[in-house]
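Report on the structure given below.
The values are calculated or read from the model by the stated rules, or taken from the named source; none is laboratory data. Just so it is clear, the model here is predicted, and its values are computed rather than measured. Because the Cβ atoms are built from the backbone with ideal geometry, glycine has one as well, and the counts that use them run over all protein chains shown.
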Amino acid sequence: MRWSQTFIPTLKETPAEAEILSHRLLLRAGLIRKLAGGLYTFLPMGLRALHKVETIVREEMDRAGALEILMPALQPPEIWKASGRYETAKDVLFKARDKTRREWVLGPTHEEVVTQLVSGEINSYRQLPINLYHIQTKFRDEIRPRFGLMRAREFIMKDAYSFDVTEESAVESYQKMYEAYVRIFRRCGLDALPVEADSGVMGGNHSHEFMVPAEVGENDIVYNADKSYAANVDKAVSALKSPHSPGDAATLPAVERFPTPGVRTIEELTKPPWNVPARQQIKSLLYRVASRLVLLLLTGADRLNEAKLAGVLGTAEFRPAEPEEIRETLEADPGSLGGVGVDQLEIIADHLLKNGQGLTTGANENDWHVRNVCIERDIKVTRWEDLRTVGAGEPCPVTGTPLEMRPAIEVGHIFKLGTKYSESLNAFILNDQGQQQPAIMGCYGIGVTRTLQAIIEQNHDEQGIRWPVSVAPFTVCITALDATPRCPSLELAETLYRQLTERQIETILDDRDERPGVKFNDSELVGFPLRLAIGPRSLKRGIVEFKPRDGELREVKPEAVLETVVSWIAERQAAAI
Ligand code: ATP
Ligand code: MG
């Protein structure tokens, strides 16, 4: 490809619309352009890189035995009603109407479609296991599309769906995808950590997210030093234990009310004249869960994790109670609530409060608290559960060493689904006992466009992108510093271009009539892994400048260029696998 004949609209200025670096680079390097919020056009260089990522994904899915299909983006709402997600996912569903006013759904994901397909085509255990995938456009009505391709309204996903007859083979299918994902991200030059993920109301331990640590990440992940334990913060636990041991309640002082005028927060109570450490306080939160109210108790130092709460309650349909509901139920305002003497409500307490003694909590009367609370004696706890968000520095549940916490970008998610969709959409299979049973499903997603941007987020410097060879739009950029037609620099550049191209090395020849500075800046901004520069001065010395994007400049004789490039690429590729 000749630079003069393609379309790479690089920008010198930083576009105001982009908040994060990778988004700025996508725009500045001329890879994408915005149509509207969360909607982007891929330009030639962006599309080439995207195709590279897709090819890696496809090769690894095929290697793992998954079969590529292509399902429609436009879907009938009936299947969404059948699965129940027409309601539960209504906030992200884009809907459209045709000219007869019939409604359609623009697919945010494809469990419904693939399950309906399998339900019609597969009916015997002999036809399983099967794993079907496609790489296709998804639509999601995100509350806040932002960060370019990271959170878009329309994006490309690879989604695979496995169908098995037995639990055992379902786990095997899951494991195969796990391994494929490790390979995919490694081949993309991405340092993506598989972390245990929240499997939501499904429960179980078969959900992993592939996370790219980055300041701009929208999720927090928690891991130990050797990464033998890594989990999404919504799933993470620590070895932190309740500091209390079971005491003899009878010998402990009785609960005592004391005035706390104006005090509404844990923080205020940690200060003089009260000086109650946050861990010695009980945080009491009233939640509305469907038609009932539930009182949640944590230590004053802890934060409620709502994803864990969803798992505990078995539903994600809950919210903090409104101030009026709170007043009606507990006769006080938020900040003065407590569980002592409450017997009309379900009370769920966090494990760290276990055996708690000498605790302080709200008295269910504004401006009053109670102290000397012995939780086992004074509060009717219905259930003990893990409700808290772990903190950095707490001991790892596996090794006991301090946990680190960092923001990360979710590039992939694998998930054992069970039979939710096969039951609701009728994907029943005749098993080897001659009985009908729902297929056991797994689903496996990769945000292909998000992955592309994550690669840039992890591979750049001041000058621009530093593409890994595996996903670069072109591997080599030949920069002709004098591009006058038929001048010796351009002639040599053309010769090398022909040689490299004949060897299937993807090469772009910068033949533009531009100053050397402009050409160098552009090739670094777009980020080609290797640059070969040829100009009158180097020609006179009989050399070509060989400059890896991330390495030192070398001088190579023109006749040695081809072999040097070939072996440099081979080395890079070997290191990447
Ligand atoms: P998130 O938590 O970031 O909203 P999700 O958990 O809803 O993502 P999944 O349904 O698991 O996403 O989709 C699989 C993959 O698709 C994600 O791992 C992510 O890489 C990608 N993805 C999801 N939403 C978007 C989006 N709005 N824009 C770009 N990629 C996305
Ligand atoms: Mg996810």
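Scanning region 143-150 for residues that are within 15 Å of ligand 2 (Cβ to nearest atom), more than 20 Å from residue 113 (Cβ to Cβ) and aliphatic (A, V, I, L, M) turns up at least one hit. Residues that are touching a Ser or Thr at 6+ places or on another chain (Cβ under 8 Å), more than 13 Å from ligand 2 (Cβ to nearest atom), in contact (Cβ under 8 Å) with a residue 24 or more places away in the chain and under 18 Å from residue 46 (Cα atoms) do not occur anywhere in region 424-438. Applying a threshold of 9 Å to beta carbon distances and a minimum spacing of six or more residues, or different chains, the list of pairs starting in region 392-412 at a residue that is on the phi > 0 side of the Ramachandran plot and ending at one that is surrounded by 22 or more Cβ atoms within 10 Å (Cβ to Cβ) and of a type in the set (A, V, I, L, M) reads 393/403. Among the residues of region 151-166, those that are in contact with a Cys (Cβ under 9 Å, 6 or more places away or on another chain) and within 16 Å of ligand 2 (Cβ to nearest atom) comprise 159, 160, 161. Screening the candidates 493, 560, 533 for the property of being buried (at least 20 other Cβ atoms within 10 Å of the Cβ), outside any loop (DSSP other than H, G, I, E, B) and over 42 Å from the mean Cα position of the chain (by Cα) yields one hit, 493. Looking across 383, 388, 371, one residue alone is surrounded by fewer than 16 Cβ atoms within 10 Å (Cβ to Cβ) and of a type outside the set (Asp, Glu). It is 383. In the same structural domain as residue 258 (by TED's automatic domain parsing), in a strand (DSSP E or B) and of a type in the set (Ser, Thr, Tyr), is that true of residue 360? So residue 360 fits the description; yes.
In summary, residue 139 fulfils each of the numbered conditions (1) crowded, with 18+ Cβ neighbours inside 10 Å; (2) within 30 Å of residue 41 (Cβ to Cβ); (3) more than 14 Å from ligand 1 (Cβ to nearest atom) with the single exception of condition (3).
For region 1-23, filtering for residues that are surrounded by fewer than 20 Cβ atoms within 10 Å (Cβ to Cβ) and assigned to a helix (DSSP H, G or I) leaves 3.
Going through (1) in contact (Cβ under 8 Å) with a residue 60 or more places away in the chain; (2) within 42 Å of the chain's Cα centre (by Cα); (3) at negative phi one by one, residue 501 falls short only on (1).
If you go through region 104-137 and pick out every residue that is assigned to a loop (DSSP other than H, G, I, E, B), of a type outside the set (S, T, N, Q) and more than 30 Å from residue 151 (Cβ to Cβ), you end up with 3. Test residue 196 against the stated conditions and say whether it is touching a Lys or Arg at 6+ places or on another chain (Cβ under 9 Å) and free of Cβ contacts under 8 Å to residues at least 60 places away in the same chain. Taking the combined requirement at face value, the residue satisfies it. Residues that are in a strand (DSSP E or B) and away from ligand 1 (no atom under 13 Å from the Cβ) were ranked within region 151-194; the one that is farthest from residue 133 (Cα to Cα) is 193.
Filtering region 454-482 to residues that are under 18 Å from residue 24 (Cα atoms) and part of a helix (DSSP H, G or I) leaves 454, 455, 456, 457, 458. Of the residues making up region 267-288, those that are crowded, with 18+ Cβ neighbours inside 10 Å and within 19 Å of residue 383 (Cβ to Cβ) are 282, 283, 284, 285, 286, 287.
Among the residues examined, residue 326 does not qualify as part of a strand (DSSP E or B), out of contact with any helix residue (DSSP H, G or I) (no Cβ under 8 Å at 6 or more places or on another chain) and of a type outside the set (Asp, Glu). Hey, could you check region 195-207 for residues that are closer than 20 Å to residue 399 by Cα and within 14 Å of ligand 1 (Cβ to nearest atom) and say which is modelled with the highest pLDDT? So the residue we want is 195. I'm checking my understanding of the structure. Among residues of region 396-454 that are within 15 Å of ligand 1 (Cβ to nearest atom) and aromatic (Phe, Trp, Tyr), which one is farthest from residue 230 (Cα to Cα)? Across region 396-454, the extreme among qualifying residues is 421.
To keep it simple, each residue is scored yes or no on (1) at pLDDT below 95; (2) over 25 Å from residue 133 (Cα atoms).
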{"position": "442", "(1), (2)": "no, no"}
{"position": "452", "(1), (2)": "no, no"}
{"position": "460", "(1), (2)": "no, yes"}
{"position": "474", "(1), (2)": "no, yes"}
{"position": "479", "(1), (2)": "no, yes"}
{"position": "484", "(1), (2)": "yes, yes"}
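When region 62-104 is filtered for residues that are touching a His at 6+ places or on another chain (Cβ under 7 Å) and either outside the structural domain of residue 438 (by TED's automatic domain parsing) or not charged (D, E, K, R) (or both), the ones remaining, listed by number, are 69, 70, 71. For beta carbons closer than 8 Å, sequence separation of 6+ or different chains, a first residue in region 240-261 that is assigned by TED's automatic domain parsing to the domain that holds residue 278 and a second that is aromatic (Phe, Trp, Tyr) and surrounded by 10 or more Cβ atoms within 10 Å (Cβ to Cβ), the qualifying pairs are 257/368; 258/368; 259/368; 260/274; 260/368.
Filtering region 357-374 for residues that are more than 16 Å from ligand 2 (Cβ to nearest atom) and within 27 Å of residue 235 (Cβ to Cβ) leaves an empty set. Take residue 312 and decide whether it is in a loop (DSSP other than H, G, I, E, B), of a type in the set (Val, Ile, Thr) and surrounded by 16 or more Cβ atoms within 10 Å (Cβ to Cβ). Taking the combined requirement at face value, the residue does not satisfy it. Check region 114-133 and report whether any residue there is under 30 Å from residue 217 (Cα atoms), assigned by TED's automatic domain parsing to the domain that holds residue 187 and surrounded by fewer than 18 Cβ atoms within 10 Å (Cβ to Cβ). The answer is no, given that none of the residues of region 114-133 is under 30 Å from residue 217 (Cα atoms), assigned by TED's automatic domain parsing to the domain that holds residue 187 and surrounded by fewer than 18 Cβ atoms within 10 Å (Cβ to Cβ). Does region 407-425 contain any residue that is outside any strand (DSSP E or B), among the hydrophobic types (A, V, I, L, M, F, W, C) and not assigned by TED's automatic domain parsing to the domain that holds residue 215? No - not one qualifying residue is present in region 407-425. Looking only at residues in region 153-168 that are in contact (Cβ under 8 Å) with a residue 60 or more places away in the chain and out of contact with any helix residue (DSSP H, G or I) (no Cβ under 7 Å at 6 or more places or on another chain), the one that is surrounded by the most Cβ atoms within 10 Å (Cβ to Cβ) is 159.
With respect to the conditions (1) out of contact with any strand residue (DSSP E or B) (no Cβ under 7 Å at 6 or more places or on another chain); (2) within 15 Å of residue 264 (Cα to Cα); (3) surrounded by fewer than 20 Cβ atoms within 10 Å (Cβ to Cβ), residue 341 falls short on a single one, namely (2).
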